[in-house]
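The values are calculated or read from the model by the stated rules, or taken from the named source; none is laboratory data. As the structure is a computational prediction, the values presented were derived from the model and not from experiment. A quick note on method: Cβ atoms are made from the backbone with ideal geometry, for glycine too, and the neighbour counts reach across all protein chains shown.
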Amino acid sequence: MKKYIAIALIASGTAAFAHSGVKNPDVMNRMMGMSELAKQMKVIGTMAKGEAAFDADAANAALAKISEEASYIPSLFENKATDPKSEALPAIWDNWDSFTAHATELEELAGGLAGTIQAEADLGPAMGQLGKSCGACHADFRAK
């Protein structure tokens, strides 16, 4: 689980740097959407690591926002836009059904978890599930 928390925190910290110099507006929109996902993962991750005080309402709101943002992923990638700063692999468009299935999985997972965080002990399992979902998509569709 610590691996998934670390990935979320690193992703959110490098988002601003990655966006500098992006010229394609479609790619910029995708990056902003992914940055919002990372931001919400950071809300949960910092609580799970004890770096922020536990707040069930904030954690559940972050899960709801992750679900909402995940629902936008297919529309953000409909155009096969490229940019040297993009980490999106061409496999996205070559394997569109698999890519969109990953997005739907994240949307449904986060939506199902939203409202279930009642105690600090609930954060770890939620982060583990979210991290696996995000990681599965990144393994196939994001440049390393």
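Side notes on the structure shown:
- Selection status of D140, crowded, with 17+ Cβ neighbours inside 10 Å, charged (D, E, K, R) and part of a helix (DSSP H, G or I): no
- Meets criteria (among the acidic types (D, E) and under 14 Å from the mean Cα position of the chain (by Cα)) for E51: no
- Matching entry among G33, G50 (being of a type outside the set (D, E) and on the phi > 0 side of the Ramachandran plot): G50
For every residue, the table says whether it meets (1) under 19 Å from K144 (Cβ atoms); (2) aliphatic (A, V, I, L, M).
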{"position": "S86", "(1), (2)": "yes, no"}
{"position": "I92", "(1), (2)": "yes, yes"}
{"position": "E120", "(1), (2)": "no, no"}
{"position": "L123", "(1), (2)": "no, yes"}
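- Considering only residues in segment 75-121 that are part of a loop (DSSP other than H, G, I, E, B) and among the small types (G, A, S), the one that is surrounded by the fewest Cβ atoms within 10 Å (Cβ to Cβ) turns out to be A119.
- Checking the stated criteria, G131 turns out not to satisfy the condition of being surrounded by 14 or more Cβ atoms within 10 Å (Cβ to Cβ), touching a Ser or Thr at 6+ places or on another chain (Cβ under 8 Å) and of a type outside the set (D, E).
- Meets criteria (polar (S, T, N, Q) and at pLDDT 95 or above) for S75: yes
- Taken over segment 29-57, the criterion of being free of Cβ contacts under 8 Å to residues at least 24 places away in the same chain and either surrounded by fewer than 17 Cβ atoms within 10 Å (Cβ to Cβ) or outside any helix (DSSP H, G or I) (or both) is satisfied by M32, G50, E51, A52, A53, D55, D57.
- Checking I5 against (1) at pLDDT below 95; (2) of a type in the set (V, I, T); (3) surrounded by fewer than 21 Cβ atoms within 10 Å (Cβ to Cβ), the condition it does not meet: (3)
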